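First the structure, in the form of structure tokens, and then the observations on it.
The values are calculated or read from the model by the stated rules, or taken from the named source; none is laboratory data. Given the structure is predicted, the values throughout are model-derived calculations rather than measurements. Cβ coordinates were reconstructed from backbone atoms using ideal geometry, including for glycine residues, and neighbour counts include every protein chain displayed. When the accessible area is computed, the model is the full protein with side chains, heavy atoms only, and any ligands, DNA or RNA have been set aside. Shrake-Rupley method; radii C 1.70, N 1.55, O 1.52, S 1.80 Å.
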There are 2 protein chains.
Amino acid sequence: MQLTSFTDYALRTLIYLASLPDDELTNITEVTDLFGVSRNHMVKVINRLGQLDYIHTVRGKNGGIRLMKPAKNITVGGVVRDLEPLELVNCSAEFCHITPACRLKETLAKAKMAFLNELDRCTIDELLNGNSELLILLARP
Amino acid sequence: MQLTSFTDYALRTLIYLASLPDDELTNITEVTDLFGVSRNHMVKVINRLGQLDYIHTVRGKNGGIRLMKPAKNITVGGVVRDLEPLELVNCSAEFCHITPACRLKETLAKAKMAFLNELDRCTIDELLNGNSELLILLARP
């Protein structure tokens, strides 16, 4: 039971964008260098976050990316719901013949809801707010 | 966010063993055929369930496997805690340099606890109890 690296990097990217002063832009190279991840992977993450209206891209020579909405309006649960494949086990009838009567999927669904509900209670802003140690780690050189 | 197929098959195996009448044995071939999974994989699952005292192996010509404890004493949460890798993201300092100050891991830890606590409330027995449709699907030919 792991989150995909896609969701993981998306959350870290949003945390970084939220740490920047208002209207300050960053770019893929900076985010890639900061987290030491593959540029290709990060391009996909940032494109997807753009499609989902989490981040806004400013085009042109002095362009870059920034958050599209305030970090206090972005919950960890929302990001996980938007990006993470949430089928805990493969319950397709071709894969498991007890599926029609199996109660395990209901139990797992309840547990998944409890998981997501907990994540819904935390915003990206709360991860940063008053966290001076994190702001230092995220600061530009 | 998926459970490993190892945990998935372990849960299904325990459900099947719990469906058998008292003292009736089954074996790896039967479980493998029932769920249509690789025998090699199922051997590993059953060995691990044996090591963890979920199932008991009766050796000899008429041997086989059965539950070691009553199904009402086996919770889904217990099995998941015993078998599933539960590190949701890789927070090692070599992997992510904001780890020392990152609050995301606490948020994820709380969500994971909510997930497991929900699974702790469900026993293998409850998945079967009064579930005649499932008992038919699990019945021997």
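Going by what's in this entry, would B:ALA71 be described as open to solvent by less than 30 Å² (accessible area, probe 1.4 Å), more than 30 Å from A:ASN131 (Cα to Cα) and touching a helix residue (DSSP H, G or I) at 6+ places or on another chain (Cβ under 7 Å)?
Yes, satisfied.
In region A:46-60, which residues are surrounded by 15 or more Cβ atoms within 10 Å (Cβ to Cβ) and touching a residue at least 12 places away in the same chain (Cβ under 8 Å)?
Correct list: A:ILE46, A:ARG48, A:LEU49, A:TYR54, A:ILE55, A:HIS56.
Considering only region B:61-101, how many residues are in contact with a Lys or Arg (Cβ under 8 Å, 6 or more places away or on another chain) and of a type in the set (Phe, Trp, Tyr)?
Residues flagged as in contact with a Lys or Arg (Cβ under 8 Å, 6 or more places away or on another chain) and of a type in the set (Phe, Trp, Tyr) within region B:61-101 amount to 0.
Being more than 24 Å from A:ALA10 (Cβ to Cβ) and of a type in the set (S, T, N, Q) is the filter; apply it to region A:91-131 and report the residue that is nearest to the other protein chains (Cβ to nearest Cβ).
Restricting to residues being more than 24 Å from A:ALA10 (Cβ to Cβ) and of a type in the set (S, T, N, Q), the top hit is A:THR107.
Do we find a residue being touching a His at 6+ places or on another chain (Cβ under 7 Å) and of a type in the set (D, E, K, R) anywhere in region A:15-33?
no
Kindly indicate whether any position in region B:75-95 is out of contact with any helix residue (DSSP H, G or I) (no Cβ under 8 Å at 6 or more places or on another chain), open to solvent by 20 Å² or more (accessible area, probe 1.4 Å) and modelled with pLDDT of 95 or more.
yes
Looking only at region B:1-45, how many residues end up being more than 10 Å from the chain's Cα centre (by Cα), of a type in the set (Val, Ile, Thr) and open to solvent by less than 10 Å² (accessible area, probe 1.4 Å)?
Looking only at that region, the number is 2.
Out of A:MET68, A:MET42, A:MET113, which single residue is of a type in the set (A, V, I, L, M, F, W, C) and touching a His at 6+ places or on another chain (Cβ under 8 Å)?
None of the others qualify; the one that does is A:MET68.
Quick one: A:ALA111 ticks every box in (1) open to solvent by 70 Å² or more (accessible area, probe 1.4 Å); (2) in a helix (DSSP H, G or I) except a single one, so which number is it?
(1)
Could you say which residue among B:ASN117, B:ASN131 is without any contact (Cβ under 8 Å) to a residue 12 or more places away in the chain and either open to solvent by 70 Å² or more (accessible area, probe 1.4 Å) or among the polar types (S, T, N, Q) (or both)?
Of B:ASN117, B:ASN131, the one residue that is without any contact (Cβ under 8 Å) to a residue 12 or more places away in the chain and either open to solvent by 70 Å² or more (accessible area, probe 1.4 Å) or among the polar types (S, T, N, Q) (or both) is B:ASN131.
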